[in-house]
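K.L.:
Below is a structure I'd like to ask you about.
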Amino acid sequence: MATPAMDIAVSRTGKRVLSGWFVILVLFLYAPLALLLLFSFNDNNLPVFPLRGFTTQAYQDFAANPELRASVVTSAKVASIASLGAVMLGLLAAIALVRRRIVGKSAASALLLSPLVVPYIALAIGLLVFFNELSVPLGIPTLVMGHIVLAIPYTILILVPRLERLDIRLEEAARDLGAGWFQTFRLITLPLLLPALVSAYIVAFVLSFDEIVVANFVNGQTTTFPLYLFSQLRFPTLLPQVIAVACIVMAASVLLLIGAEIGRRVVERRLGTEPTEPPAGNA
Amino acid sequence: MAVEARKIEATAPAPGTAARPRAGLVTTTLLAPPLLWLGVFFLVPVVLIFLYSVNVFAFFPGTQAFTLDAWKNFLDGSPFLDLFWKSIWMSLLVSVVAVVAAYPIAYYIALIASKRKYVLLLLILAPFLVSYFLRLLAWRVILGDQGPINSLLYETGIRDEGDPVRMLYTQWAVILTLIYVYIPFVALPIFASLEALDRRLLEAASDLGASRWQAFRKVTLPLSLPGVIAAFIFVFIPTIGEYFTPVVVGGVEGTMFGNAIADQFGQSLNWLNGSVLSFFLLVVVAVLMSIFARFLTVRRVATG
């Protein structure tokens, strides 16, 4: 079926050019990260060629740095609470948007998704002014409130396609058999939605953990992990440490997200609800 | 993601999911908490910013009184307005280059790479999952006077030590880094629209005697335009207010509008001015969104 379309889609030369461009772009995307990794193991405080030798000194220094560890703990706290809030609010919004007929649906979804396009600096300033006006002390709670705003659209975007694929007849059957709406939700919808909820939680967690613009304005005396890294950039000798830590976080977040995605697919397959098309291209 | 964003709005009440009798009340209960959250932590702050910008609220108590002076100063050829146009120009360049660079990749993955499609897509998207700060850090290191590129130039004798090629702390560093950051993000909606393309249309074009170029120009490109526009919007609009990238790699020369806002609320402690700049940015974003959203809707109707 695909053969004629493939012919019209590209010529042989065109295919070569396109795959060449693909390789160039992949190199462009990965080379900077690879270089960073390389220098994190280089025995030199400056990120310069020629390489001097292999060392894990930067990683050991990181492990021994209490301020840095404290900032990681702070960020983990903020991210775990904020992503829980974002998933709960996103779930409510997603159910309402998918399953109900609503007046002003597009206005509601526009507001809910707006943090995707509004520059973070504007959101950050708004929160700063707001908290200042109400004399709310800045700290972990204000960070959580801000990060929930940023993460809500992402949780909605993950949950909505999943809800749309959920067979509504399962819920209707439960209702016909006498289950109340909450029972139906708890026993039918929630379990079927669980993999997507986990995905949403992880994406929101990573977003919050990594966020720096809003954090920079509503943190008060609290230092989150990205803010700590940023503050250390002023001291060039600390650069290898910063790079090392950043590499650890990079590896952890990629593993976490890929692991979650694989886990989600395995679970969904087992539930027999795996869609015929993979989630990325279901538009 | 962008495509799905539009999809939510496009979701008409399908026959099977039509509202049940009690839906009204339940829906209100369901939507109230998330809407309330965004209302309190996004809309109310926006109103506050506006009130600060006309000095109805002020940072120093006792000095508040309605005035449009700050707005007049800003709109009357202030350096901040120049900075705004510079930011628009930079964002435009970033989003156009990112879209042009990512389109062939999305095309390749969606229409040519048949079996390994999702592996290749993941390969392109994965860098987006990597910490934003880390990706900025990578370019700060690479472009630095004491970075790998310059040290390589010294080492090979192309440049003398102490005479580095100045790359960091320029606006080009900001532009390059932003393009780097956004390419994966741009590839996704374009891929989604190309993936949804009905291949039989291409076959039909071919049967009717269209050349490859004609088929692309008359069928593929127009049908993928919603994805392209979505991608463009999702880069162009947020980057107008970009703040952190210029801080890390831009220096003085690479300053953007977002940095001016941050400075007014930080070092300069001029909340009046800062609120004018912030509210102006929000208005620009709202106007651009409404323009593009309308265009997206028209496309959707036009392409069925």
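K.L.:
Within chain A, which is the longest segment containing none of the trypsin sites (Lys or Arg not before Pro) that sit in a DSSP loop and have at most 12 other Cβ atoms within 10 Å?
P.N.:
A:53-233
K.L.:
Can you check what the Kirkwood hydrodynamic radius comes to for the protein assembly as shown, Cα pairs only, in Å to one decimal?
P.N.:
Final number for the Kirkwood radius of the protein assembly as shown is 25.6 Å.
K.L.:
What does the average come to when, for each residue of peptide A:30-41, you count the partner chain Cβ atoms lying within 10 Å of its Cβ?
P.N.:
Shielding by partners across A:30-41 averages 4.
K.L.:
Under the classification rounded if a/c is under 1.5, otherwise prolate if a/b is larger than b/c and oblate if not, where does chain A fall, given a ≥ b ≥ c as square roots of the Cα gyration tensor eigenvalues?
P.N.:
In terms of gyration-tensor shape, oblate.
K.L.:
Still on this model: Please report the relative contact order for chain B, taking Cα pairs under 8 Å with a sequence separation of at least 6, and give it as a percent rounded to a whole number.
P.N.:
26 percent
K.L.:
Across peptide A:165-178, what mean number of C-beta atoms from other chains lies inside 10 Å of a residue's C-beta?
P.N.:
1
K.L.:
Full extension from A:S80 to A:L187: what is 0.36 nm times the residue separation minus their Cα-Cα distance, to one decimal in nm?
P.N.:
Net length gain for the segment: 36.0 nm.
K.L.:
Related question: Report the paramagnetic label zone for B:I158: residues of the stretch A:26-70 whose backbone N is under 15 Å from a point 7 Å from Cα along the Cα-to-Cβ axis.
P.N.:
A:49-50
K.L.:
Could you work out the mean count of beta carbons from other protein chains within 10 Å of each residue's beta carbon in B:120-128?
P.N.:
4
K.L.:
While we're here: If a helix is a whole DSSP H run, which ones in chain B reach 20 Å or further along their own axis (Cα) and hold a mean Kyte-Doolittle hydropathy of at least -1.0?
P.N.:
What comes out of the filter, once short or polar helices are dropped, is B:23-38, B:79-107, B:171-195, B:221-240, B:271-302.
K.L.:
Return B:T239, A:T222, A:T13, A:T55 ranked ascending by Cβ neighbour count within 10 Å, so the fewest neighbours appear first.
P.N.:
If I rank by nearby Cβ atoms, fewest first, I get A:T13, A:T55, A:T222, B:T239.
K.L.:
Calculate how large, on average over all directions, the projected area of the Cα convex hull of the stretch B:69-302 is; give the answer in nm² to one decimal.
P.N.:
17.1 nm²
K.L.:
Something else about it: Exposure proxy check: B:E242, B:E195, B:E203, B:E253 ranked by fewest other beta carbons within 10 Å?
P.N.:
B:E253, B:E203, B:E195, B:E242
K.L.:
Hey, can you list the DSSP H helices of chain A whose Cα span along the axis is 15 Å or longer and whose average Kyte-Doolittle score is at least 0.0?
P.N.:
Helix filter hits for chain A: A:12-40, A:66-99, A:120-133, A:140-165, A:190-210, A:239-270.
K.L.:
Could I ask something else about it? Within chain B, which is the longest segment that contains none of the trypsin sites (Lys or Arg not before Pro) sitting in a DSSP loop with at most 11 other Cβ atoms within 10 Å?
P.N.:
No qualifying site falls inside B:117-304, the longest such stretch.
We did not get these values from a lab; they are worked out from the coordinates using the rules stated. Everything numeric here is computed off the predicted structure, so don't read it as measured data. Note: ideal-geometry Cβ built from the backbone for every residue, glycine included; neighbour counts use all protein chains shown.
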